[in-house]
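The next block holds one structure in the form of structure tokens; read it before the comments.
Each value in this text was obtained by applying a stated rule to the coordinates, not by laboratory testing. All of these numbers come straight from a predicted model, not from anything done at the bench. Cβ placement follows ideal geometry from the backbone for every residue including glycine, while neighbour counts extend to all protein chains displayed.
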């Protein structure tokens with residue numbers, strides 16, 4: 001087999017040969033084998049290159065190369081063995097087998113093939129490892145599209161020599177390739193919104209379309225047709241008035257306009273820098289975007305990104321909203337048995353029918369809204385951690401007074417039964433801490449529901465007459481009405497069955513004439 005021939009190698013051999021150098025000296029100067037040099041020269045003479053030619057044209061050089069290998073590079077026996085096993089190799093590749101395993105299977109059948117030969121055969125004949133070509137997408141209108149990427153770009157040097165890595169949100173204008181970098185530690189939805197707000201300030205306006213990377217902070221489920229967008233970020237996009245186009249699915253080639261942004265920022269902006277705080281990284285990022293990357297001629301547009309952006313894109317951007325965006329908090333609290341739901345370590349009352357249900361809550365700086373599916377069921381003013389927001393209307397009427405320690409409402413409820421029951425309830429609540437006696441009034445109203453208002457009124461009147469303020473004894477009076485009635489006259493003792501006359505027990509006395 002001949003070694004691989006390059007056009008540069010043949011050109012140098014023919015140039016030195018034309019200059020009159022001996023073949024051995026040419027071989028020594030170029031580091032080639034003398035036999036190889038003689039073969040090149042002999043082939044050149046065959047195709048008509050005259051000795052001592054001062055200039056070798058491309059046509060002569062092509063003729064020499066074709067004469068050296070008229071049918072391309074020669075193949076060995078291993079290639080022929082691969083051709084005989086073509087169908088088996090193709091079937092195994094279709095089944096997902098690796099080439100190392102296919103080589104072992106061929107060896108079991110007595111076919112020994114070198115791995116490089118097998119690899120070249122699979123690539124050349126069976127299109128192994130080939131992917132679909134990247135299709136460049138036409139750039140949009142000026143000021144319309146900005147692409148958003150994220151990744152690890154550098155590290156901070158902390159006290160004691162420790163290092164902490166940080167990420168960056170990278171915004172790249174599709175038309176001008178002007179760039180903004182926002183370093184951060186977290187890749188969350190709140191940080192994504194924070195980075196977008198900083199980017200709009202840097203660019204001086206909003207782009208109409210944001211093409212985000214496949215990050216869970218923005219894209220919940222990646223899909224080429226119907227991707228699921230994070231509801232918090234989707235709400236932010238709707239509030240700011242731009243559209244989302246999650247074009248990227250898995251690999252960099254899925255978004256074939258502006259790529260390798262993370263590698264460029266990592267290697268050119270932060271590599272070798274000594275940074276101690278994330279604020280230092282953000283200051284360096286702004287300087288790099290404006291003064292370094294922004295003033296370097298872009299290889300694709302052949303213009304300065306900053307000048308290109310300020311000339312064509314910045315005048316047509318959407319205006320920046322006057323107020324800062326309030327990032328909401330979304331959560332799914334469960335309504336406990338006490339009708340309270342916890343949001344950001346604060347408690348909020350929910351109407352009684354939703355006890356045990358799991359709701360969807362949205363909390364901003366002012367309000368907390370609770371939803372059941374798509375229906376708004378309750379709104380509260382936002383409370384600090386540890387606070388409570390309780391609406392009396394959420395609780396049943398019979399429990400509302402006890403929940404809010406409303407002694408007067410409980411007194412009015414007892415008075416509506418009867419005047420006597422109201423006076424008895426007032427005596428029960430006559431205490432320096434009346435809300436500690438509310439349970440006894442609830443027990444009194446329970447007796448009304450059990451025995452009726454008339455019987456309880458009579459029992460309360462009797463108890464007030466003797467200053468009896470004990471609901472348990474009042475209950476026993478109602479359970480045993482005889483104990484509350486006047487005492488009956490005593491029954492006469494019946495005569496004994498074997499009672500003898502009293503005379504039979506009389507003793508004899510002196511002087512008694514009957515003795």
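Key figures
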{"quantity": "For segment 398-482: rounded, prolate or oblate by the Cα gyration tensor [a/c cutoff 1.5]", "calculated": "prolate"}
{"quantity": "Whole-number D in µm²/s for segment 77-126 (Stokes-Einstein; Kirkwood sum over Cα pairs; 10 °C, 1.306 mPa s)", "calculated": "151 µm²/s"}
{"quantity": "Angle between the chain longest axis and helix 7-18 axis [Cα atoms, degrees, rounded to 10]", "calculated": "20 degrees"}
{"quantity": "Sum of -39500 (n - 2.57) over DSSP H runs of 4+, divided by residues of the chain (222 nm, nearest 500)", "calculated": "-11000 deg cm²/dmol"}
{"quantity": "Normalised contact order of the chain, rounded percent, pairs of Cα under 8 Å and 6 or more residues apart", "calculated": "8 percent"}
{"quantity": "Helix 278-287 axis, angle to the chain major axis (alpha carbon atoms, nearest 10°)", "calculated": "40 degrees"}
{"quantity": "Whole-angstrom gap from segment 417-455 to segment 339-355, using each part's C-alpha centre", "calculated": "31 Å"}
{"quantity": "Translational diffusion of segment 329-395, µm² s⁻¹ [Kirkwood Rh, Cα pairs; Stokes-Einstein; 37 °C; 0.692 mPa s]", "calculated": "285 µm²/s"}
{"quantity": "Sorted peptide list for 420-428, 470-478, criterion being average Cβ within 10 angstrom, highest first", "calculated": "420-428, 470-478"}
{"quantity": "Burial ranking of peptide ranges 144-151, 42-49 (average Cβ count within 10 Å, highest at the top)", "calculated": "144-151, 42-49"}
{"quantity": "Nearest-ten-degree value, helix 58-68 long axis tilted from longest Cα axis of the chain", "calculated": "80 degrees"}
{"quantity": "Given (1) 26.6; (2) 52.1; (3) 64.2, the label whose value is mean projected area of the Cα convex hull in nm² derived from this model", "calculated": "(3)"}
{"quantity": "Packing-based ranking, highest mean first, of 374-382, 287-295, 157-165 given that Cβ atoms within 10 Å are counted", "calculated": "287-295, 374-382, 157-165"}
